[in-house]
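Down below is the structure, laid out as structure tokens.
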Amino acid sequence: MLAMIATAAAQAPYPNRNITLVLPFAAGSGTDTTTRLIGKELGTALGVSTVIENKAGANGSIAASYVARSPADGYTLFVTTNTTHSANPYLLKNMTYDPVKDFTPIARTGDLPFMLVIHPDIPANSVAELIALAKKEPGKYSYASGSSSAIVSGATFARLAGIDLLHVPYKSSPPALTDVIAGRVSMMFIDVPTGLPHVNAKALKALAVTTRKPSALLPHLPTMDDTVKGFDITSWQGYLGPANMPKDIVVRLNAEIRKIIERPDIKNQLAERGMEAFSGTPEEFDAFLKEQLVLWEKLIADAGIEKQ
């Protein structure tokens, strides 16, 4: 009887139980905030509950390795960014997963623009003024990081601007941001969903966005490239599963995620959280992931960052 029950469960249409969405960052991060909205809608569309599981640490490697070793049955999915799947191969000496071979691309969900924020007591209201201060007092200013985008952005800024900045790494973005707000660290490159509420509350000053083109979400902010020529860093977000997921499950998940992302009400809610939402096919996401590996290898090499 138990064997019959197990067989019946295995043959039941997908999905027939809760789906776990594993995140490489802590609660309160930009990825966490946007995933809670998309994940809830995904559960509703599939007729099951979605469970958020935050596994922060090791620059996202803990979460990535966990998903890579999970059953490829569609019940454990990875909602991640360029940290684990574009930058880590060039930042970490010891990789515990392969970003291509160990995963099945499902759907890209959009971009999370980053911005440069500083403590409000720093007497600078532009990137140019901040650079002038840093050149006047080399080594005085520091930048926090809680993701690969923040690490690479800070190092790229220092190199292109010709300034000496102290790097202060954190396990994730929320505690890093807390120390910038408290004045223990001077500045940080932070995703818009996480940083914007503190900018609006005047706890931080936003100076620029990291993308070469102005952000539609923050049209009033200049770009880093306006002052620091050649600066162009974008953080993406997407859904993946363990390698060798069944094609029909991938197609089903992709279709439902794209329907959610394309809804005007969801797009607006994600925009309010600082995310530029759009999607595409699994094949398009797969090609994009491979292109990003090439791009981030160059970004990291140009920034002069050594593997840790």
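Scanning the range 267-298 for residues that are open to solvent by less than 80 Å² (accessible area, probe 1.4 Å) and among the acidic types (Asp, Glu), we see that the one that is nearest to Leu91 (Cα to Cα) is Asp286. In the range 169-180, the residues that are of a type in the set (Phe, Trp, Tyr) form Cβ pairs under 7 Å with partners that are part of a helix (DSSP H, G or I) and crowded, with 18+ Cβ neighbours inside 10 Å, at six or more places apart or across chains, as follows: Tyr170/Ala176.
You will find that of Pro193, Pro246, Pro222, Pro214, the residue that is over 21 Å from Asp121 (Cβ atoms) and either buried (at least 21 other Cβ atoms within 10 Å of the Cβ) or aromatic (Phe, Trp, Tyr) (or both) is Pro193 and no other.
When the range 37-81 is filtered for residues that are more than 14 Å from Asp98 (Cα to Cα) and assigned to a helix (DSSP H, G or I), the ones remaining, listed by number, are Leu37, Ile38, Gly39, Lys40, Glu41, Leu42, Gly43, Thr44, Ala45, Leu46, Ala58, Asn59. Across the range 13-36, what is the total count of residues that are open to solvent by 20 Å² or more (accessible area, probe 1.4 Å) and either in a helix (DSSP H, G or I) or polar (S, T, N, Q) (or both)? Of the residues in the range 13-36, 5 are open to solvent by 20 Å² or more (accessible area, probe 1.4 Å) and either in a helix (DSSP H, G or I) or polar (S, T, N, Q) (or both). Does Ile181 qualify as being modelled with pLDDT of 95 or more and either under 22 Å from the mean Cα position of the chain (by Cα) or polar (S, T, N, Q) (or both)? When the stated conditions are applied, Ile181 passes them.
Of all residues assigned to the range 19-33, none qualifies as being among the aromatic types (Phe, Trp, Tyr) and at pLDDT 95 or above. Only one entry in Thr84, Thr96 is hydroxyl-bearing (Ser, Thr, Tyr), touching a residue at least 12 places away in the same chain (Cβ under 8 Å) and part of a helix (DSSP H, G or I), namely Thr84.
The values are calculated or read from the model by the stated rules, or taken from the named source; none is laboratory data. Being a predicted model, the structure only gives us computed values, none of them experimental. Here the Cβ is made from the backbone with ideal geometry for all residues, glycine too, and neighbour counts use every protein chain on show. For the accessible areas, the whole protein counts, side chains as well, though only heavy atoms, and no ligand, DNA or RNA atoms are used. Shrake-Rupley method; radii C 1.70, N 1.55, O 1.52, S 1.80 Å.
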